[in-house]
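Participant: Shown below is the structure under consideration.
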Amino acid sequence: MTDDRTQNIERLLSERRDGRLSAEDLAEIERAITGDSANARSAEAFDRLGALLKDWRIVPDTVDWQTSARRVSERVRADRSSAEEPDAGRLASTDRLVREWAGPMPAVDWPALSTRISNAVREEAGRAGQTRRTRWSWFVKASAPLATAAVIALAATWWITTGPKLPIDGGSSGASFVMVALEMPVAVGKVSISFDLSPVGAPDRPDAESGGRAIAYGPKINDTLDSDADAFFY
Amino acid sequence: MDDAAGNDRSDQDDARRRDAEAVSGTLAGDLRAFDSLIEAYQRRAVAVTYRLLGNINDAMDVCQDAYVRAFRSLESLEDPRKFGSWLMRIVSNLALNYRRDRRPTLSLATGDDERGIGEDALADSSGGASLNEGSMQANETQDAITAAIEQLPEKQRMALILFAIEGIPQKEVAEILECSIEAVKWNVFQARKTLKESLSEFLT
């Protein structure tokens, strides 16, 4: 028998006298008791336990329930009466205490107080105006350098990206140079390179050979080559 | 069994309807309506509290406090028909708090029903009726049961007392303990199983 079934049987045995089991459960209990003496002993033990518990700590028969109910009723009424005590009565003593603590109001020169307050307000108003001017000057002082720096940065960026290119002129001005590598250099031959320095978009000029230096890398050349076949052109 | 269960439900419905009317009357200012609620539930309240505390005077005091609290907070009762289970919840909580707060002075040698000296006669002072001093075995059994029940977890103890001992319907016990009916059944089963083991010498 599985543990679950055993526990289920035991549970049914414990509930046998509760009067709430179905006919099916009662039949299962009968089968369990009839077929197993351990179940029968367990059923008797649960029945005996139920009887002992019913006799445990029974309220004495001598308790006077009427007197008990009357006392509860009186206590409830007394509680309600105290809860309904008028607020004015309860708070009057508190008001008196507060008044005694506060004491009498001292004599006050009201016109002088009014003048003093007005002067203080006017003075404060003047300071507030100065404060506004100070605030604006601070704003100008802080923002002008920032604006100047921004303008310089923009100009530099424009110059770098769109400014005129430096001429390609050897190494005199450190200008740009173009490196050309021959994919299939030959032992002899001449490579000439020309540069068109006209601005982009301008019509092509026929004399585009405006010069420039060029370096062509080729294989190592035999020293017997003549000058027309110098390997290196510039 | 179905007829008996049906009669039980009908009786319970009638009781709840009377409770709802009494609650309404109380809220309308009629304290006699609250008196009817006192009479309807005081025996059950005192019985449960007495089983938890073991002292009849303490049980009476706790139940008085519970009724006063119930009266004060009657407006907060959402379903007036469930006044009974709501009151028993207050009673149970107060009894458990009382148990936790008091020091353990119960002497197993003298038994449960300790009465203070000079108490007025809510109970018969000449009797000591709940105890038969000549029956040492009965005392021993009572003490053993008390000790075994005290060892149970609180939920199991409450479920056992409310359902298995007081016979309060499982649905109402579930309302009192704010749990499911299955939880009530489970707690009762576990309590019974534990007591069967710990009280085995008294069950043969």
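The values are calculated or read from the model by the stated rules, or taken from the named source; none is laboratory data. These figures come from a predicted structure and were not determined experimentally. Every residue, glycine as well, gets a Cβ built from its backbone with ideal geometry; the counts of neighbours run over all protein chains shown. Note: accessible area is taken over every heavy atom of the protein model, side chains too, but ligands, DNA and RNA are not part of it. Shrake-Rupley method; radii C 1.70, N 1.55, O 1.52, S 1.80 Å.
Participant: Which translational diffusion coefficient, to the nearest whole µm²/s, is obtained for the range B:144-204 from the Stokes-Einstein equation, given a Kirkwood hydrodynamic radius over C-alpha pairs, 10 °C and 1.306 mPa s?
Facilitator: Rounded to a whole number, D works out at 137 µm²/s.
Participant: Remind me, what semi-axes does the range B:1-101 give for its equivalent ellipsoid, largest first in whole Å, using sqrt of 5 times each Cα gyration tensor eigenvalue?
Facilitator: 24, 19, 11
Participant: Which whole number gives the average count of other chain Cβ atoms within 10 Å of the Cβ atoms across peptide B:64-72?
Facilitator: Averaged over the peptide's residues, the number is 4.
Participant: Additional query: Residue by residue through the range B:47-61, what is 3J(HN,Hα) from phi via Karplus (6.51 cos²θ - 1.76 cosθ + 1.60, θ = phi - 60°)? Round to whole Hz and write x for glycine and proline.
Facilitator: 4, 5, 5, 5, 5, 6, 9, x, 10, 5, 5, 4, 4, 4, 4
Participant: Still on this structure: Per residue of the range B:144-149, what does 6.51 cos²θ - 1.76 cosθ + 1.60 with θ = phi - 60° give for ³J(HN,Hα)? Whole Hz please, x for Gly and Pro, Karplus curve as stated.
Facilitator: For the range B:144-149, the Karplus curve yields 5, 4, 4, 4, 5, 5 Hz.
Participant: Quote the total accessible area buried by chains B and A together, excluding ligands, DNA and RNA, probe 1.4 Å, nearest 100 Å².
Facilitator: Between B and A, the summed buried area is about 4700 Å².
Participant: Can you give the average number of partner chain beta-carbon atoms within 10 Å of each beta-carbon in peptide A:12-25, as a whole number?
Facilitator: Mean partner-chain Cβ count within 10 Å for A:12-25: 3.
Participant: Moving on to the next point. Around residue B:30, which amide H atoms from residues at least 5 apart in sequence, or from another chain, sit under 5 Å from its own amide H, with H modelled in the peptide plane?
Facilitator: The answer is none.
Participant: For the range B:82-91, what does the Karplus curve 6.51 cos²θ - 1.76 cosθ + 1.60, with θ = phi - 60°, yield as ³J(HN,Hα) per residue in whole Hz, taken in order and with x for Gly and Pro?
Facilitator: Listing the rounded values in order: 9, 4, x, 5, 5, 5, 5, 5, 5, 4 Hz.
Participant: Taking beta carbons within 10 Å but only from partner chains, what does the mean come to for residues A:41-49?
Facilitator: So the per-residue partner count for this stretch is 4.
Participant: Please list, ordered by chain and number, the residues whose modelled amide H lies under 5 Å from the amide H of residue A:62; skip anything fewer than 5 residues away on the same chain.
Facilitator: Under 5 Å from the amide H of residue A:62 lie the amide H atoms of B:124, each far enough along the sequence or on another chain.
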